[in-house]
Amino acid sequence: MKKALITGITGQDGSYLAEFLIDKGYEVHGIIRRSSSFNTARIRHIYQDPHEDRPRLVLHYGDVLDSESLMRVLHHVKPDEVYNLAAQSHVRVSFDLPTYSADVVYLGTLRLLEALRTLDRPVRFYQASSSEMFGGVTETALSESSPLIPRSPYAVAKVAAYHQTINYREAYGMFACNGILFNHESPRRGETFVTRKITRGLAQIAAKQEELLFLGNLAAKRDWGFAGDYVEAMWMMLQHHEPDDYVVATGETHSVQEFLEFCCDMLGMDPEAVTRIDPIYFRPTEVHHLLGDPSKAKKTLGWAPRTSFRGLAGMMLAADLQAVGVDPHSYEKLHEFISNP
């Protein structure tokens with residue numbers, strides 16, 4: 001039985017990846033930080049199967065800020081594959097916490113790579129890179145050969161971690177891959193990210209818990225996919241016979257305005273009546289347009305996204321309505337969409 005170790009397992013991607021690997025028959029281990037409160041809501045449903053004698057998922061205390069804890073967990077678990085998903089992943093917050101973001105995103109990756117280098121067994125390593133690394137690039141579709149022009153502390157740290165992963169691959173012969181993932185969302189997305197902020201906010205308005213939704217730059221365009229589809233690409237990279245770097249995207253772009261209007265249309269709401277623009281949500285340096293070219297992943301790995309933009313938005317909206325006690329089927333358009341996405 002293969003063993004996989006996931007950092008950032010309590011996040012959106014970590015939870016979907018853990019589910020995916022368990023379904024593949026892996027023994028899955030995750031690293032979590034010690035805190036005064038539990039942060040395992042996204043993985044609680046898979047932690048223990050009542051029909052099995054042993055946990056399907058084993059959690060270990062550790063932190064990418066602490067080299068000793070990484071060494072301890074790696075030597076104890078002896079994984080075949082390591083997926084580094086740990087990060088301070090909010091771009092806007094990285095402007096407020098630039099040093100911390102760099103420590104977690106870049107130096108955390110370096111600590112993990114160095115710990116892996118000391119193991120006496122080969123381990124395949126996945127690094128979660130980001131489309132934010134392209135930043136100010138104005139190309140229509142961005143590929144693995146596009147220039148990296150980061151425009152936030154988060155993106156700068158991701159670029160450094162990306163290059164360090166390549167450096168360890170070339171210098172030490174490690175099987176290390178970068179997955180350059182474009183925006184990927186789900187009902188498990190953090191509530192401060194704009195897509196989830198929209199679906200959760202509209203659900204609260206529908207439940208009469210809130211009156212308005214405050215947003216930032218509605219003109220920003222992103223290549224949005226479903227996180228559940230993207231974790232499969234992570235796994236496929238580590239199953240390939242050679243390590244390499246891949247863009248993972250849908251190949252189409254949509255604006256925040258489009259996402260908002262679709263969700264409002266499903267609920268029969270007027271976007272202008274329920275939203276307000278707040279300058280606090282604008283970034284000091286904005287990335288206006290991100291579109292990925294996933295041709296290499298499709299050709300080399302055989303990967304392709306399965307969830308459409310509208311399907312993703314509808315899925316998220318329905319989940320957030322249910323979370324606030326509103327039946328999504330009570331809205332005729334949403335009911336029809338759920339039935340025939």
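So the values come out like this:
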read-out: The range 32-167, accessible area per residue, ligands and nucleic acids excluded (1.4 Å, Å²); value: 50
read-out: Helix-derived mean residue ellipticity, 222 nm - over the chain, DSSP H n ≥ 4, -39500 (n - 2.57), to 500; value: -11500 deg cm²/dmol
read-out: Amide proton proximity set for His184, modelled H, under 5 Å, gap of 5+; value: Gly225
read-out: Listed residues Ala160, Ala323, Ala227, most fluctuating in the chain (Gaussian network, C-alpha, under 10 Å); value: Ala323
read-out: Spatially proximal lysines relative to Lys333 (Cα-Cα < 24 Å; intrachain offsets below 8 disregarded); value: Lys197, Lys208
read-out: Unsatisfied cross-links (Cα-Cα over 23 Å) in the set Lys221/Lys299; Lys24/Lys298; Lys158/Lys296; Lys2/Lys299; Lys2/Lys296; value: Lys221/Lys299; Lys2/Lys299; Lys2/Lys296
read-out: Expected-Rg normalisation [2.2 N^0.38 Å, Cα atoms] applied to the range 69-188; value: 1.09
read-out: Length-normalised contact order of the range 60-212 in % [C-alpha pairs under 8 Å, at least 6 apart]; value: 23
read-out: Cα-based Rg and Dmax for the range 1-143, where Dmax is the largest Cα-Cα distance (Å); value: 16.1, 54
read-out: Largest-first ordering by accessible area, 1.4 Å probe, given options Asp23, Asp96; value: Asp23, Asp96
read-out: Pairwise centroid distance, computed over Cα atoms, of the range 1-23 with the range 127-185, Å; value: 21
read-out: Top of Gln322, Gln164, Gln88 by mean-square fluctuation, Gaussian network on the chain, Cα under 10 Å; value: Gln322
read-out: The chain: antiparallel DSSP beta bridges as a percent of all, rounded to 5; value: 5
read-out: Net charge of Cβ neighbours under 12 Å - reference Asn340; Lys, Arg +1; Asp, Glu -1; value: +1
read-out: Nonlocal amide H pairs with Phe175, under 5 Å, H built at 1.01 Å; value: Val123, Phe125
read-out: Taking the chain and dividing mean pair separation by its residue count, relative contact order in percent (alpha carbons under 8 Å, at least six apart); value: 16
read-out: Apportionment of accessible area to carbon and sulfur, the chain, percent (1.4 Å); value: 50
read-out: Rounded accessible area per residue of the range 264-341, 1.4 Å, Å²; value: 55
read-out: Karplus 3J(HN,Hα) series, Hz, for the range 228-239 with 6.51 cos²θ - 1.76 cosθ + 1.60 (x for Gly, Pro); value: x, 6, 6, 5, 5, 5, 4, 5, 4, 4, 7, 9
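The values are calculated or read from the model by the stated rules, or taken from the named source; none is laboratory data. Being a predicted model, the structure only gives us computed values, none of them experimental. Virtual Cβ from ideal backbone geometry, glycine too; neighbours counted across all protein chains shown. Calculation scope for accessible area: heavy atoms of the full protein, side chains included, ligands and nucleic acids excluded. Shrake-Rupley method; radii C 1.70, N 1.55, O 1.52, S 1.80 Å.
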